[in-house]
Amino acid sequence: MEPNDPQLRDLLREWHTPEIPSSVEERVLGARQSWWSFLLHGYVRVPVPVVYCLIMLMIFAGWRMAVRSTSSVPSVPCVADCNHAVAGAC
């Protein structure tokens, strides 16, 4: 077949697409849900590597917060002569 075939070009000019039935949109798209129904019953597809990265990020953030909370207790001794049960309460 030649790229500039005149018979094919003429045939394509004569060809008309068939009419699309109105039920095609309903079959393809389905019934439209309200936004609150989507929030309760809907889902969003996320690639597995993105989920793994989010899980690792949450684990890392939890670990950093745990390390920070244990190391943030001040180890400054009391200046006053007091006997607190909790270290660093002064």
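The numbers here are math on the coordinates, done by the rules we state, and not lab data. None of the values given here were measured: they were computed from a predicted structure. A quick note on method: Cβ atoms are made from the backbone with ideal geometry, for glycine too, and the neighbour counts reach across all protein chains shown.
Full extension from Leu11 to Glu25: what is 0.36 nm times the residue separation minus their Cα-Cα distance, to one decimal in nm? All intermediate terms of the calculation are to be shown ahead of the outcome.
Details: separation 14, 0.36 × 14 = 5.04 nm, distance 2.93 nm.
Between Leu11 and Glu25, full extension yields 2.1 nm more.
What is the calculated FRET efficiency for Val46 to Arg68, with r their C-beta to C-beta distance and R₀ = 30 Å, to the nearest 0.05?
0.55
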